[in-house]
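Take a look at the structure set out below.
The values are calculated or read from the model by the stated rules, or taken from the named source; none is laboratory data. Here the structure is a predicted model, which means the values were calculated and not measured. Cβ: placed from backbone, ideal geometry, glycine included. Neighbour counts: every protein chain shown.
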Amino acid sequence: MMPHAEFVHWWFATGFLGLGLLKAAEATVGPEVWGLRPWRRYLWPSLTFLMGVLMWPVMTFYTNSTIHMVAHGSWAQVLMLAGAADLGLAAGKLHSERWRLCSALAMAVSGIAFLVHEQNTWLFSRAAFLHHALGWTFVAGAVFPLVQAFRPRSAGALGGFAVAFVTVAVLLYCDRDTAAIFGHLSEFAGVPHR
Amino acid sequence: MSAEYAHDLHRTPESTASRPRAATALRARVVLGLGPLTMLAGAGWALVQPYRITLLHPFGQGFWWLFAEPPLYVVLFGLLFHLVVARPLVADLERRR
């Protein structure tokens, strides 16, 4: 009685929606006001770290190929790394803003893992399309934490980071196990459902 | 000094002070709008694809189909964000002003 893969994508979509909203709020008020209550500094990194931890059971139970296992495992590792680095900064145990490069690395690795593990073309099915779209969103989104590592107060970088996460959330919510994309569905994709 | 200049001199510090106040008010409005906007998106999704909410037709559905209610996730997360994050954040923003 395993949940469908699309359900898992929706749960992670909700996580990414949370990450996006938190970054959007921080970008709007600025890091100083955001940091006035200490617990608020821990929200984003804790959620990121938790999503990394929860990616391990996904890796374990949704391994239908080696490349899927490697992709899910790499997401688990980089999510935990990004969350841990930000937790260190929030707690004051890490001081250099360059630790935010871990988030840039996480975004880049996640994007590359999406692009590498999707073996089908864009219009093979909706899942294939979304894997390509998610991959490029993550790769492009890696620019924002990269900028943040060198310009921590950049509202543009924070806002861009937020938009990237909300885009990822929307794409993940659009996922279905087998469905057409713009009227295209390969005959090898399986039987479609709503 | 003419009355016109005197008015300008009197007005300038006020308008300078009111600018950050207006910016803070705008920020507060944006933060307070994020949650309701998210809830609205979830409600819109539920209206467009009511079959995604299996709780509306629960008979014959398995546990996971009943548990996976993505439009409701969006609405609930928007509500949670509004109550737990946005409101205290705006209170801090106002206090800082």
Practice task
For residues that are within 18 Å of the chain's Cα centre (by Cα) and more than 17 Å from A:Thr28 (Cα to Cα), tally how many sit in region A:150-190.
Solution key: 10
Exercise for the section: Have a look at B:Ala22, B:Ala28 and point out the one that is of a type in the set (A, V, I, L, M, F, W, C), over 24 Å from A:Val170 (Cβ atoms) and crowded, with 16+ Cβ neighbours inside 10 Å. Expected result: B:Ala28
Handout entry: Of residues in region A:96-145 being among the hydroxyl-bearing types (Ser, Thr, Tyr) and part of a loop (DSSP other than H, G, I, E, B), the one farthest from A:His68 (Cα to Cα)
Key = A:Ser96
Exercise for the section: Could you please find all residues in region A:110-148 being touching a Phe, Trp or Tyr at 6+ places or on another chain (Cβ under 7 Å) and among the hydroxyl-bearing types (Ser, Thr, Tyr)? Expected result: A:Ser110
Practice task
Filter region A:116-153 for residues that are closer than 11 Å to A:Arg100 by Cβ and crowded, with 16+ Cβ neighbours inside 10 Å and give the result.
Solution key: A:Phe144, A:Pro145, A:Leu146, A:Val147, A:Gln148, A:Ala149
Handout entry: Options B:Leu47, B:Leu34: the member that is at pLDDT 95 or above, more than 11 Å from chain A (Cβ to nearest Cβ) and either more than 17 Å from A:Leu17 (Cα to Cα) or surrounded by 15 or more Cβ atoms within 10 Å (Cβ to Cβ) (or both)
Key = B:Leu47
Problem - Residue list for region A:23-42, restricted to those being within 7 Å of chain B (Cβ to nearest Cβ), among the aliphatic types (A, V, I, L, M) and either assigned to a helix (DSSP H, G or I) or surrounded by 20 or more Cβ atoms within 10 Å (Cβ to Cβ) (or both) - result: A:Ala24, A:Ala25, A:Val29, A:Val33
Practice task
Taking B:Ala68 as the residue in question, decide whether it is within 14 Å of another protein chain (Cβ to nearest Cβ), surrounded by 15 or more Cβ atoms within 10 Å (Cβ to Cβ) and modelled with pLDDT under 95.
Solution key: yes
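Residue-wise test of (1) of a type in the set (D, E, K, R); (2) modelled with pLDDT under 95; (3) in contact with a strand residue (DSSP E or B) (Cβ under 9 Å, 6 or more places away or on another chain).
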site: A:Thr60; (1), (2), (3): no, yes, no
site: A:Ser65; (1), (2), (3): no, yes, no
site: A:Ala76; (1), (2), (3): no, no, no
site: A:Ala82; (1), (2), (3): no, no, no
site: A:Leu89; (1), (2), (3): no, no, no
site: A:Ala106; (1), (2), (3): no, no, no
site: A:Ser125; (1), (2), (3): no, yes, yes
Exercise for the section: Please indicate, with yes or no, whether at least one residue in region A:58-73 is under 22 Å from B:Val84 (Cβ atoms), β-branched (Val, Ile, Thr), more than 10 Å from chain B (Cβ to nearest Cβ) and part of a helix (DSSP H, G or I). Expected result: no
Practice task
Would you mind telling me which numbered condition in (1) more than 30 Å from A:Ala189 (Cα to Cα); (2) in contact (Cβ under 8 Å) with a residue 40 or more places away in the chain A:Leu123 fails?
Solution key: (1)
Handout entry: Yes/no for A:Leu89 being of a type outside the set (Phe, Trp, Tyr), in a loop (DSSP other than H, G, I, E, B) and either surrounded by fewer than 19 Cβ atoms within 10 Å (Cβ to Cβ) or in contact with a Phe, Trp or Tyr (Cβ under 6 Å, 6 or more places away or on another chain) (or both)
Key = no
Exercise for the section: Would you please name the residue that is surrounded by the fewest Cβ atoms within 10 Å (Cβ to Cβ), looking only at residues in region A:159-194 that are out of contact with any Lys or Arg (no Cβ under 6 Å at 6 or more places or on another chain), farther than 30 Å from A:Pro45 by Cβ and of a type in the set (Gly, Ala, Ser)? Expected result: A:Gly183
Fill in the blank from the handout: Over region A:9-22, the set of residues under 19 Å from A:Asp177 (Cα atoms) and either basic (Lys, Arg) or at the interface with chain B (Cβ under 9 Å from one of its Cβ atoms) (or both) is A:Trp10, A:Trp11, A:Ala13, A:Thr14
